[in-house]
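One structure is given here, and the rest of the page talks about it.
Quick note: the coordinates plus some simple rules give every number you see, no bench work behind them. Quick caveat, the model's predicted, so the values are computed rather than measured. FYI the Cβ positions are ideal-geometry reconstructions off the backbone, even for glycines, and counts take in every protein chain you see.
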Amino acid sequence: MKKMALMSVAAMALLFVGCGDKPKAEANATETVTTEVNATETVTTETVTTEVNATEAAPEAEASAAPAVDGAALYTACGACHGADGKTAALGKSAVIAGQAAADLESKMHGYKAGTIDLTGNGALMKGQMANLDDAQMKALADYISKL
């Protein structure tokens, strides 16, 4: 009976010592670290997934976000010399531009902008006309003129 009472006291002592604050704090710290690691892994995984999806979707997003360049609207400045239909020899000197190949027109526009061509003595005038157009605008304008 003494042994039983002694064992009971020893078990109770171990139970109380074993359930103290220190082991509980260590257990919580371990849980917290585990939670933080899991949270970090989740965030990293989501970030990578988001970056991949954003990269894959970027061309589509750019295409839909960028408004289409209106060649007809750009041509209004050209119509003063080339005529509304592109069939007037500008200042009585240039060739009719309506119906020319889009690639040829675009190449000439780039040349005028760079100041490297002057087909009819109007190079300086055309350089000024092309100065504020970017590549997309020149392409849209050349496409529009080629269909006149």
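Structure notes:
- Distance between the 7 Å Cα→Cβ label points at Ala103 and Ala89: 2.8 nm.
- Rounded to whole Hz, the Karplus (6.51, -1.76, 1.60) HN-Hα couplings of the range 140-148, x for glycine and proline: 5, 5, 5, 4, 5, 5, 5, 9, 6
- In the calculated pair-distance distribution of the range 71-146, the portion above 16 angstrom amounts to 43 percent of the Cα-Cα pairs.
- Shape call, the range 82-126: gyration tensor on alpha carbons, a/c limit 1.5: oblate
- In order through the range 124-129: 3J(HN,Hα) via Karplus (6.51 cos²θ - 1.76 cosθ + 1.60), integer Hz, x for Gly, Pro: 5, 4, 5, 4, x, 5
- Förster radius 22 Å - calculated FRET efficiency between Ala77 and His110, Cβ distance, rounded to 0.05: 0.80
- Residue order for Thr120, Thr88, Thr76, fewest other beta carbons within 10 angstrom first, comes to Thr76, Thr120, Thr88.
- Other residues lying with their Cβ under 14 Å from the Cβ of Ala140 contribute a combined charge of -3, Lys and Arg counting +1, Asp and Glu -1.
- Using the Cβ of Lys113 as centre and a radius below 14 Å, the other residues enclosed give a net charge of -1, where K and R count +1 and D and E count -1.
- Among the trypsin sites (Lys or Arg not before Pro) in the range 68-148, those located in a DSSP loop and surrounded by at most 13 other Cβ atoms within 10 Å of their own Cβ are Lys87, Lys93, Lys147.
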